[in-house]
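K.L.:
I'd like to ask you about the structure that follows.
The values are calculated or read from the model by the stated rules, or taken from the named source; none is laboratory data. Keep in mind that this is a model prediction, so the values were computed, not measured. Please note: Cβ atoms are built from the backbone with ideal geometry, for glycine as well, and neighbour counts cover all protein chains shown. All accessible areas refer to the heavy atoms of the entire protein, side chains included, with ligands and DNA or RNA removed. Shrake-Rupley method; radii C 1.70, N 1.55, O 1.52, S 1.80 Å.
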Amino acid sequence: MPQPKNPILMAVIGAAHGIRGELRVKTFTGDPLALGDYGPLRAKDGRAFEVLDIRPAGTVAVVRFKGVADRSAAEALTGTELFVDRSALPDEEDEDDFYQADLIGLSVRDDTGATVGTVVAVQNFGGGDILELTLGARKGVLIPFSKAAVPDVSIADGYIRIDPIAAGLVEDEDSDRGTAPDRAGFEAKRRPRGSKGSGGNR
């Protein structure tokens, strides 16, 4: 099987579990036990991993992979990221549901409908999902992926719409802090403000 052309991160292998080759695995699937439903998983170096058995264990799953028969072999896999191609994933039936990978490359529109940038990546540093944007000449702009900051997502039409104030890109008119906006209408020296609803479900 060839390497995924549009790889989607499905899981990260953690520590060995027991002496029979089982591993603790952090999954990113809606149902952690569905990890094996998408066919063979691929590591970045091309190795294929087939799930033989999986069971829940607290916040992770304990997985037995084909060909991993002892603790030494399991320990050698710690930290391995596992991917599938985007084509292996079902399309979401609800237009409000989507995969994070589908956001990459979408154009960014402001509250007037003008196109101002592009979605570069989706990050998560532990406090909820964050969108990394390119806005005009500015790269690496981070905003919370919340309903307030990103009120509209249209995968079909290829764009997201952001609220610059809720996203922390411009100063609220009620605030007396003044920073001159840049040419794109955003304040370059302002850092994105957090949001209570900045989790992945917006």
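K.L.:
Quickly work out the residue 142-to-residue 43 label distance, labels modelled 7 Å from Cα along the C-beta direction, and quote it in nm with one decimal.
P.N.:
Placing both labels 7 Å beyond Cα along the Cβ direction yields 3.0 nm.
K.L.:
If you count, for each residue, the other Cβ atoms within 10 Å and average over each peptide, how do 106-118, 44-56, 129-141 line up from highest to lowest?
P.N.:
Values: 106-118: 15.8, 44-56: 13.8, 129-141: 17.6.
Result, highest mean Cβ count within 10 Å first: 129-141, 106-118, 44-56.
K.L.:
If you count only protein heavy atoms and use a 1.4 Å probe, how large is the accessible surface of residue 33, to the nearest 10 Å²?
P.N.:
70 Å²
K.L.:
Each residue of the range 109-115 in turn: what ³J(HN,Hα) in whole Hz from Karplus with 6.51, -1.76, 1.60 and θ = phi - 60°, glycine and Pro shown as x?
P.N.:
10, 8, 6, 9, x, 6, 7
K.L.:
Quick one: length gained pulling residue 98 to residue 52 fully straight, 0.36 nm per residue minus the C-alpha distance?
P.N.:
Values: separation 46, 0.36 × 46 = 16.56 nm, distance 2.81 nm.
Fully extending the segment from residue 98 to residue 52 adds 13.7 nm.
K.L.:
Related question: Can you list residues whose amide H is under 5 Å from residue 150's amide H, if they're 5+ apart or on another chain and H is modeled 1.01 Å from N?
P.N.:
163
K.L.:
Quick one: what are the phi-derived ³J(HN,Hα) couplings along the range 117-125, Karplus 6.51/-1.76/1.60 with θ = phi - 60°, whole Hz, x for glycine and proline?
P.N.:
Whole-Hz 3J(HN,Hα) from phi for the range 117-125: x, 9, 7, 9, 6, 10, 10, 8, 9.
K.L.:
Moving on. What part of the accessible area of the range 47-139, given as a whole %, is carbon or sulfur when the probe is 1.4 angstrom? Don't jump to the answer; show the numbers that get you there.
P.N.:
Values: 2390 of 5250 Å².
Accessible surface attributable to carbon and sulfur in the range 47-139 totals 46 percent.
K.L.:
Here's something else I'd like to know. Which whole-number value in Å² is the accessible area per residue of the range 38-165, probe 1.4 Å?
P.N.:
52 Å²
K.L.:
Along the range 143-148, what does the Karplus equation 6.51 cos²θ - 1.76 cosθ + 1.60 (θ = phi - 60°) give for ³J(HN,Hα), rounded to whole Hz, x for Gly and Pro?
P.N.:
Here the 3J(HN,Hα) series is 9, x, 8, 10, 5, 5 Hz.
K.L.:
Compute the distance in nm between two label points, each set 7 Å from the Cα along the Cα-to-Cβ direction, one at residue 20 and one at residue 134.
P.N.:
Using points 7 Å along Cα→Cβ, the separation is 5.1 nm.
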